[in-house]
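S.K.: Sharing a structure with you now.
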Amino acid sequence: MSNQNHPGVIAPPPLIYFGFLFLGWGLGQAVGDHALGLAMEWRRGVAVVLIIGGLVLDGMAAGTFRRFGTPPEPWKPSTALVESGPYRFSRNPIYVGFAVTYAGLAVAMDSLWALALLVPCLVVVDRWVIQREERYLESRFGQPYRDYKARVRRWL
């Protein structure tokens, strides 16, 4: 790893999620999307619950970072190791929130393709964002971060 004071992620994570979401929507438009098979009322309800749930989780996680004086953006230097709030249950609650929001948007769009592309999206985020962040955080915080990794799961 270089001496830069940030993880060097491949792209801002929200762009990765939106890129896959719109790629799925575009594929559905190009090759014919199969609907999810939910009645409109159910689809709206599921979509709203997922979108709001994901956004609330993101807000809680980002707010926890800000309370500790460290930026949630992975292209900025981390100034504190945060282990409280939603970080007690997941090392990456913001990315979990993004995934839940993504699922809600795919359901709202009634796009099976977009929903299916959530899996490769998570692989990209895991490999080219989270793994880089973890190397950076381990070099930045050392043993306390390794102890945290041993206690708390990467996703859920």
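The values are calculated or read from the model by the stated rules, or taken from the named source; none is laboratory data. Treat the numbers as computed from the prediction; the structure is a model and nothing was measured. Every residue, glycine among them, receives a Cβ derived from its backbone with ideal geometry; neighbour counts consider all protein chains shown. Please note that ligands, DNA and RNA were not included when accessible areas were found on the heavy atoms of the full protein model with its side chains. Shrake-Rupley method; radii C 1.70, N 1.55, O 1.52, S 1.80 Å.
S.K.: Between 0 and 90 degrees, rounded to the nearest ten: what's the tilt of helix 131-141 against the longest Cα principal axis of the chain?
M.R.: Compared with the principal axis, the helix lies near 20 degrees.
S.K.: At a probe radius of 1.4 Å, what is the per-residue accessible area of VAL31, in Å² to the nearest 10?
M.R.: Roll a 1.4 Å probe over it and VAL31 shows about 100 Å².
S.K.: Compute the acute angle (0 to 90°) between the alpha-carbon long axis of helix 93-108 and the principal axis of greatest extent of the alpha-carbon atoms of the chain; round to the nearest 10°.
M.R.: Between helix and principal axis, roughly 10 degrees.
S.K.: Given the DSSP H assignment, sum -39500 (n - 2.57) over each helix run of at least 4 residues in the chain and divide by its residue total; what's the result at 222 nm in deg cm²/dmol, nearest 500?
M.R.: When only DSSP H runs of four or more count, the value is -20000 deg cm²/dmol.
S.K.: Could you provide, to the nearest whole Å², the per residue accessible area of the chain with probe 1.4 Å?
M.R.: Per-residue accessible area for the chain comes out at 54 Å².
S.K.: Right, another one. Taking Cα centroids, how far is the stretch 25-72 from the stretch 139-154 in Å?
M.R.: Between the Cα centres of the stretch 25-72 and the stretch 139-154 lies a distance of 28 Å.
S.K.: What per residue convex hull volume, in Å³, comes out for the stretch 1-42 when only alpha-carbon positions are used?
M.R.: Spelled out: Cα convex hull of the stretch 1-42, divided by residues, is 122 Å³.
S.K.: Calculated from the structure, Cα Rg over 2.2 N^0.38 Å equals which of [x] 1.25; [y] 0.98; [z] 1.13?
M.R.: The value computed from this structure is option [z].
S.K.: Mind checking the full-extension length gain between THR70 and GLU83? Use 0.36 nm per residue of separation minus the Cα-Cα distance, one decimal, nm.
M.R.: Once the chain is fully extended between THR70 and GLU83, it gains 3.4 nm.
S.K.: What chymotrypsin sites (Phe, Trp or Tyr not before Pro) in the stretch 81-156 are in a loop by DSSP, with at most 15 other Cβ atoms within 10 Å of the Cβ?
M.R.: PHE89, TRP155
S.K.: Relative to the Cα centre, what is the charge dipole magnitude of the chain, using +1 at the beta carbon of each Lys and Arg, -1 at the beta carbon of each Asp and Glu, and rounding to the nearest 20 debye?
M.R.: Using Cβ point charges on Lys, Arg, Asp and Glu, the chain gives about 540 debye.
S.K.: On to the next question. Given a 1.4 angstrom probe, I'd like the percentage of the accessible area of the chain that is carbon and sulfur, rounded to a whole number.
M.R.: For the chain, the apolar C and S fraction of the accessible surface comes to 65 percent.
S.K.: Subtract the Cα-Cα distance of ILE52 and PHE18 from 0.36 nm times their separation in residues, and report this length gain in nm to one decimal.
M.R.: Contour length minus the Cα-Cα distance gives 10.6 nm.
S.K.: What is the calculated FRET efficiency for LEU156 to GLN29, with r their C-beta to C-beta distance and R₀ = 25 Å, to the nearest 0.05?
M.R.: 0.20
S.K.: Over the chain, what is the relative contact order in percent, taking alpha-carbon pairs closer than 8 angstrom and at least six residues apart?
M.R.: 40
S.K.: Right, next: Considering the dipole of the stretch 1-145 built from charges on the beta carbon (Lys and Arg +1, Asp and Glu -1) around the Cα centre, which of THR79, PRO13, GLN29 is farthest to its positive end?
M.R.: THR79
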